[in-house]
1. Using only alpha carbon pairs under 8 Å that are at least six residues apart, calculate the relative contact order of chain B and give it in whole percent.
2. Once label points are set 7 Å from the Cα along Cα→Cβ at both residue B:24 and residue A:70, what is their separation, rounded to one decimal in nm?
3. Would you please give the FRET efficiency between residue A:36 and residue B:153, computed as 1/(1 + (r/R0)^6) with r the Cβ-Cβ distance and R0 = 41 Å, to the nearest 0.05?
4. Return the loop-located trypsin sites (Lys or Arg not before Pro) in the range B:112-158 (DSSP other than H, G, I, E, B) with at most 14 other Cβ atoms within 10 Å of their own Cβ; answer none if there are none.
5. When you look at the Cβ of every residue in A:18-27, what mean number of other chain Cβ atoms sits within 10 Å?
6. What is the helix-to-structure angle for A:52-70, meaning the angle in degrees between its Cα long axis and the longest Cα principal axis of chain A, kept from 0 to 90 and rounded to the nearest 10?
7. Could you work out how far the C-alpha centroid of the range B:131-199 sits from that of the range A:121-192, in angstrom?
8. Calculate, for residue B:190 and residue A:85, the FRET efficiency according to 1/(1 + (r/R0)^6) with r their C-beta to C-beta distance and R0 25 Å; round to the nearest 0.05.
There are 2 protein chains.
Amino acid sequence: MLTKKGQATRERILQAAAELVAEKGAAGMSLDDVGERSGASRSQLYHYFDDRDELVREVIDVTTDAVLAAQDGQLEHLDSWAGIDRWFDALVDLQVDRQARGGCPIGSLAGQLAEHDPGARKALAAGFERWEQYLREGLTTMKERGKLRRDADPAELATATMAAIQGGLLLTQVRRDPQQLRIALDAARANLKRERVRA
Amino acid sequence: MLTKKGQATRERILQAAAELVAEKGAAGMSLDDVGERSGASRSQLYHYFDDRDELVREVIDVTTDAVLAAQDGQLEHLDSWAGIDRWFDALVDLQVDRQARGGCPIGSLAGQLAEHDPGARKALAAGFERWEQYLREGLTTMKERGKLRRDADPAELATATMAAIQGGLLLTQVRRDPQQLRIALDAARANLKRERVRA
DNA sequence: CCTAGATTGGACTGAGTGGTCCAACCATAA
DNA sequence: TTATGGTTGGACCACTCAGTCCAATCTAGG
């Protein structure tokens with residue numbers, strides 16, 4: 001159904017599309033662009049993807065993979081206060097490096113696609129879910145270990161933290177100021193520590 | 001330079017453009033659409049606006065006006081805990097009414113435009129600033145009245161709260177669940193109340 | 001009334017756009 | 001070797017888009 005060569009072509013196309021969406025926005029990506037960058041012809045695009053919308057939807061998944069990969073080594077250690085602190089610091093550092101450009105790749109796509117493409121909305125929800133799950137599980141572990149109050153709700157805490165990250169990144173992007181994320185994450189940290197149980 | 005009739009035409013165009021941007025996204029709005037909905041001809045569009053980009057930039061301001069107007073009567077009373085609670089409740093109620101659709105009009109535009117149109121980014125920053133200022137001033141008043149700790153920073157508290165609103169609205173929109181905003185705002189409220197001074 | 005300038009209609013252009021189609025190519029398995 | 005099916009190139013189409021242009025029509029002030 002798909003030879004090794006075909007698989008490689010498909011991934012080249014997807015990679016090129018993901019790059020172009022990141023550079024020009026979802027609406028700014030054209031199939032001509034994708035063809036040129038990936039070295040694939042028109043018929044190849046339509047051989048491996050139903051239409052433009054499906055390509056965009058797959059770009060969402062690829063983008064989610066990239067976002068999670070960029071946090072690799074930190075998402076797995078959200079089961080301690082130190083691990084969470086390192087994670088927050090890394091998120092801010094990344095924005096400093098990027099000069100507060102780009103915001104959250106997933107969040108940006110959400111603003112562009114969530115409202116007008118139901119399939120994309122679901123893919124974005126799945127992406128956020130994958131991300132949030134790491135924190136939820138880390139907090140659950142902390143609760144089991146007695147580091148969080150017995151009545152703490154890891155799911156709600158994780159959601160509130162994700163909201164702070166997304167909102168902080170949005171303000172960072174619009175204001176071109178990484179401190180916006182820093183402020184949002186300081187508040188998120190304080191909010192988590194309200195549930196702290198001291199040894 | 002601009003007669004009363006001309007002014008009216010200009011505003012009809014702007015209004016139509018703002019509606020279309022809200023409905024179809026910034027990239028989905030075409031000048032043909034705007035012309036049809038506003039009853040204005042091609043040359044009128046270019047008579048009153050330099051080009052498409054300028055029209056979009058003005059749409060940002062109109063959208064900000066609408067967002068602030070929708071909160072009229074609440075933004076002026078963010079100088080008490082009760083006023084802030086009513087504001088948060090109203091924001092959540094609005095999302096329930098809208099079935100969690102649309103997200104924040106300004107935040108959505110940010111995701112669509114902030115990265116690729118510098119002028120739009122500035123307009124969006126100005127919009128957020130107008131919004132945030134209400135809260136910052138309310139909190140400043142509360143601090144002066146001794147309702148907030150002496151070392152509280154109204155500016156940072158306002159920013160953290162705006163981040164919670166934006167992040168909560170984004171998650172609400174993507175997950176089609178108004179509870180996401182509720183959770184984010186509960187955390188924001190708790191974060192503010194950490195600075196509370198009891199009478 | 002006259003005129004300068006604001007306002008309007010609408011045809012037109014040229015550069016994309018997503019999508020279709022068909023013939024050719026190539027690998028593999030019988 | 002042959003046949004099946006994945007793979008590829010690229011012309012082509014109908015359409016939409018932002019932007020231009022010019023002539024016609026109002027409107028306010030002298």
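1. Working: 203 pairs, mean separation 37.8, N = 199.
Over chain B, the number comes to 19 percent.
2. Once both label points are built, they end up 3.1 nm from each other.
3. Working: r = 50 Å, r/R0 = 1.22.
Computed FRET efficiency for residue A:36 and residue B:153 comes out at 0.25.
4. Working: sites: B:121, B:122, B:130, B:136, B:143, B:145, B:147, B:149, B:150; in loops: B:145, B:147, B:149, B:150.
Passing both the DSSP loop test and the Cβ count: B:145, B:149, B:150.
5. Details: counts 0, 0, 0, 0, 1, 2, 2, 8, 4, 6.
Mean partner-chain Cβ count within 10 Å for A:18-27: 2.
6. 40
7. Between the Cα centre of the range B:131-199 and that of the range A:121-192, the gap is 16 Å.
8. Numbers: r = 20 Å, r/R0 = 0.78.
Result of the calculation: an efficiency of 0.80.
The numbers here are math on the coordinates, done by the rules we state, and not lab data. Keep in mind the model is a prediction, meaning the values are calculated, not measured. In this analysis, Cβ positions are derived from the backbone assuming ideal geometry, glycine residues included, and neighbour counts consider all displayed protein chains.
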